[in-house]
Every structure is written in structure tokens, then in C-alpha cells.
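Chemist: Please find one structure pasted underneath; my questions will follow.
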Amino acid sequence: MTLLDNITLNDDGFMTIPAEWTEELAAALAEKEGIALTDAHWNVINFCRETAEDSGAAPTLRQITSGAGVTTKDLFKLFPKGPAKKVAKISGLGKPEGCV
Amino acid sequence: MTEEKNRHIAFICSKGDLDMAYPALIMGWAALGDGIDVTIFFTFWGLDLVTEKRVDKLEIAPVANTSFKMSMMGLPTGNWGIPNIMGIIPGMSAFATWFMKMKMKALGVPPVREYIEMLSDAGANMYGCKMTVDMFDIKDEDFLPAIDSVVTASDFMDMTEGAQIVFI
């Protein structure tokens, strides 16, 4: 029994109940993606959580780079091979809406 | 055990109009965000997107563009187009270009130069077409830094084996 057994995911693997998300869960979700969370990761995750709280939607990559003060290069290094979905999944949010 | 090959999408950009610059940039960015490998080959007028002198001066012309309607400017004119005769008036392309740039900016879409840099930073591989580069006499120093190198059509075929190819 792990933390991941207690969450509700949709068919695409995104969490659907925001209240189920915790910081410990984020670490477990990240580990599943092969990522060990550092402060730089948390800066991005916290920004995404705050944005989603305000707007109701997961931010796009461009919103993350301009809003969280992280460069495109660093964002792709922190969350390699598909940061758009990985960041949203680890942050317990839905699929980002928007193209940029 | 064989390792599963990552999905790979390749765009051939052959147009230098402002409106035709964006499809590959937007789809390429989306692909990179989803972990898909991206290759972009710039040929003919598409080279305008990656040359220092042209990238900030891309335009859209209302002449002979049947999709250009007055209603795009928020006027209640339905399907009424901008007559071609008006499109040839000096300044109309500049106006249409200004208008499109304003609309894109309002949506948070970056200018082409910045977009190319974003794609490069995100790991897209970008190449110039050798034949066009020779024909237009473009030098290495004319390119934006994002361009990896100038390659032949055959090189492009080699590097996109198994990829999905989109021609724009």
C-alpha cells in the first residue's frame, strides 16, 4: 500500500480531486516519473499550485517560465521528456489548457 | 529487450508569411512539452523564420487571401471580405501585420524570434535547407543561433527515419 493507491486519476493519469494532493504525494508522483524533487522543482510546483488556485487551470509551460522565473532550458532539465504533463501530474492538477 | 523508440515529429517550414510561421512553432512546442522529439527543416521562404534580417519583419498580406474578412476586426460585417483592390493600397500589409501581432500578443503568444529560441532551448533540432541557402546566398552568420546546421534534403531524410512529417 503506497500513497499512490489512495488517489483518483482520470484515464490520462491526471488527478481529479485536488484535495487529495499533499507534498508527500508529490514526491511519490515525481519518483514514479523518475524525478527526485529539489528546491528548484518545488519552486515550479508551488507556482503551478498557486496559479491553478487562482485560475482553476494548470498553467502552460510559457506561463511557468515567465511566472516562476525559470528558464525554458532549466524547466526541460528539471522535468525531462515532457514537462507540460509531468509538472501538472506531480502538482496534482489537470492537463494544462492552452497551446503556448 | 529492445528499447521503445521515442515518438518523433518533423516539420518542413517552406513559408515566410507571419501567419504561416506559427503552425510549426505552436505544434512543435506542444510536442516538446509532451516529450516528443522535434526536428524542423527550414526551406525556401521558411528560412525567413530563422534569419537575423528577416525574422522580426515577417508580414501577412490581405491580398488574395480569401479568409481575410472585415469581421476579424470586430466589425459586424459577417462574411464581407476586404476587397483585393483595398489590399493593394500601400500600408495595408503593414496594417494587417500590426493587427495580427496585436492579437497574438493579447493571447500571450511570443514573437517568432523568441519562439524559435524557446524551441531550441527545449531541445528541438533545427536545420536550414542547403539548396535554398546556396540559392539565396545565405551565410552561416545570417542565421539565428538556434539553427544547428545547413543540411541537404537527403540528410533530412536520414535524420527523420520513422518520424511523422508535417509540411507547411
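Chemist: So which of B:K103, B:K130 ends up being of a type in the set (K, R) and over 20 Å from B:K57 (Cβ atoms)? Step through it out loud before you land on a result.
Modeler: On the way: B:K103 fails: over 20 Å from B:K57 (Cβ atoms).
The conditions single out B:K130.
Chemist: Name the residue, out of A:L3, A:L61, A:L78, A:L9, that is touching a strand residue (DSSP E or B) at 6+ places or on another chain (Cβ under 8 Å), hydrophobic (A, V, I, L, M, F, W, C) and over 12 Å from A:S91 (Cα atoms). Break it down into steps so the answer makes sense when it comes.
Modeler: Numbers: A:L3 fails: touching a strand residue (DSSP E or B) at 6+ places or on another chain (Cβ under 8 Å); A:L61 fails: touching a strand residue (DSSP E or B) at 6+ places or on another chain (Cβ under 8 Å); A:L78 fails: touching a strand residue (DSSP E or B) at 6+ places or on another chain (Cβ under 8 Å).
It is A:L9.
Chemist: With (1) exposed (fewer than 15 other Cβ atoms within 10 Å of the Cβ); (2) in contact with a Leu (Cβ under 9 Å, 6 or more places away or on another chain) as the list, and B:A24 as the residue in question, which single condition is left unmet?
Modeler: So B:A24 meets the others, but not (1).
Chemist: For the range A:68-85, check the following and say yes or no: at least one residue is touching a Phe, Trp or Tyr at 6+ places or on another chain (Cβ under 6 Å) and farther than 29 Å from A:D5 by Cβ.
Modeler: Yes, the range A:68-85 has at least one match.
All of the numbers you see were taken from the coordinates with simple rules; none came from a lab. Note that the coordinates shown come from a computational prediction; the quantities given were computed from them, not determined experimentally. FYI the Cβ positions are ideal-geometry reconstructions off the backbone, even for glycines, and counts take in every protein chain you see.
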